[in-house]
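The values are calculated or read from the model by the stated rules, or taken from the named source; none is laboratory data. In this text the structure is predicted, and so the values were computed from the model without any measurement. Glycine also receives a Cβ, built like all others from the backbone with ideal geometry; neighbour counts cover every protein chain displayed. Ligands, DNA and RNA are excluded from the accessible area calculation, which covers all protein heavy atoms including side chains. Shrake-Rupley method; radii C 1.70, N 1.55, O 1.52, S 1.80 Å.
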Amino acid sequence: MEDHIQFDPATTTLFLLDQRSLPLLEETFACRTVEDVVFALQTMVVRGAPAIGVTAAYGCCIALRQALAAGAYWTNELERLLGILEQARPTAVNLSWAITVMRSIWTASMDPTTLGTAWLNKAQQIQTQDIAMCKAMGRHGGQLLDDGDTVMTHCNAGALATAGYGTALGVIRGAVDAGKHIRVIANETRPFLQGARLTAYELHKDGIAVTVACDNACSYLMSQGLVHKVVVGADRIVANGDVANKIGTSGVAILARHYGIPFYVAAPSSTFDLKISDGSQIPIENRTPREVTHIGATQITPHDVPVFNFAFDITDHSLITALITEHGVLYPPFTSSIADMIGQRTCP
Ligand code: MRU
């Protein structure tokens, strides 16, 4: 699945498979303005760290066309629009990473046409390179899985969360492509249900055996020997190896340690933030209570009872067996393995 993010340069329109409607409906959401892109990001029409980065890159192309309406002041307007885009979601570093990459090729002497061509090329490069990085993670990480393994994953770190193939699901696809028989347990991932809706949807479509489990079944499933490995994605990995990922990930990691199950995190170099030394400094998105208080249109909590809806948590680096990147597999101590493998390289 590599066609869920499509950009039409002729009309400067971004077409997104609307992930809010999956798995039952495959609908397209069209973004023609920066406000549309921000809406799509915030309401999770598109979500998952690398997919957020690709969307932001095309969002810059849309921002440029929109800014030209400001005439002579187009550069000021463009800065304002990029600022709005950058604030859409706080935790996945791929958003600011993509905008930084786009900004870095914008020089003061560029006319809008030259900039437009340069940005379109760069956004397309970010998209195609993301797929290549996922496939490389699949090749490296697939070797860590054994024929017959059942792998637990949390949230959706698949094709839908990237430009295609996936990070955690890319590792699973890499093992399957190498001829191994792999079964997947997809934690349902309350409250947005990325596991039940999206991970199950894309694996089932690919013919990879997947079973959905309630988040609170994790300990029991592990205690019964039903989970051989855990592989998850990441929204941000910092210098000491601490990982921000979907709320509930750190609980899965703690349980995996308790039951002696390897816990792997798969992420491209665009998800690493080496400006931050440890996970306590990562901003955690706090989303609308409605995602917790309601399932669809049905309210499931009493009126006026407050809820928590932190969208991410931090998994301590000490709980992580290895980090799987497009450059290879990193082992503890992560401070040095990350600096050696990621610190020296930039992408794309
Ligand atoms: O809130 P979401 O759905 O954007 O959260 C997504 C995740 O937590 C994913 O695991 C992460 O972005 C990795 S995606 C390859």
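A few points about this structure:
- If you go through segment 260-286 and keep only what is more than 26 Å from Gly142 (Cβ to Cβ) and small (Gly, Ala, Ser), you end up with Ser277, Gly279, Ser280.
- Yes/no for Thr107 being part of a helix (DSSP H, G or I), assigned by TED's automatic domain parsing to the domain that holds Ala51, hydroxyl-bearing (Ser, Thr, Tyr) and within 30 Å of Ala70 (Cα to Cα): no
- Scan of segment 1-39 for residues that are closer than 19 Å to Ala92 by Cα, in contact with a helix residue (DSSP H, G or I) (Cβ under 7 Å, 6 or more places away or on another chain) and free of Cβ contacts under 8 Å to residues at least 40 places away in the same chain, ordered by number: Leu16
- Every residue from segment 320-340 that is open to solvent by 10 Å² or more (accessible area, probe 1.4 Å) and in contact with a Pro (Cβ under 8 Å, 6 or more places away or on another chain): Thr321, Glu326
- Selection count where residues are more than 13 Å from the ligand (Cβ to nearest atom) and hydroxyl-bearing (Ser, Thr, Tyr), scope segment 305-332: 3
- For segment 126-147, filtering for residues that are without any contact (Cβ under 8 Å) to a residue 60 or more places away in the chain and open to solvent by less than 50 Å² (accessible area, probe 1.4 Å) leaves 2.
- For segment 168-202, filtering for residues that are among the aliphatic types (A, V, I, L, M) and open to solvent by 20 Å² or more (accessible area, probe 1.4 Å) leaves 4.
- Flag for Gly59 being surrounded by fewer than 24 Cβ atoms within 10 Å (Cβ to Cβ) and outside the structural domain of Arg197 (by TED's automatic domain parsing): no
- Residue match in segment 301-314 (condition: touching a Lys or Arg at 6+ places or on another chain (Cβ under 6 Å), more than 17 Å from Asn94 (Cα to Cα) and of a type in the set (S, T, N, Q)): yes
- For beta carbons closer than 7 Å, sequence separation of 6+ or different chains, a first residue in segment 107-125 that is within 17 Å of Ala51 (Cα to Cα) and a second that is open to solvent by 40 Å² or more (accessible area, probe 1.4 Å), the qualifying pairs are Leu120/Pro9; Lys122/Ile105; Gln125/Pro348.
- Yes/no for Met152 being in a strand (DSSP E or B) and away from the ligand (no atom under 12 Å from the Cβ): yes
- Out of Thr12, Thr43, Thr33, Thr28, one residue alone is among the hydroxyl-bearing types (Ser, Thr, Tyr), buried (at least 18 other Cβ atoms within 10 Å of the Cβ) and at pLDDT 95 or above. It is Thr12.
- Sub-8 Å Cβ pairs linking a first residue in segment 62-86 that is open to solvent by 60 Å² or more (accessible area, probe 1.4 Å) to a second residue that is among the hydroxyl-bearing types (Ser, Thr, Tyr) and not in a helix (DSSP H, G or I), at least 6 apart or interchain, are Arg65/Thr12, ordered by first then second residue.
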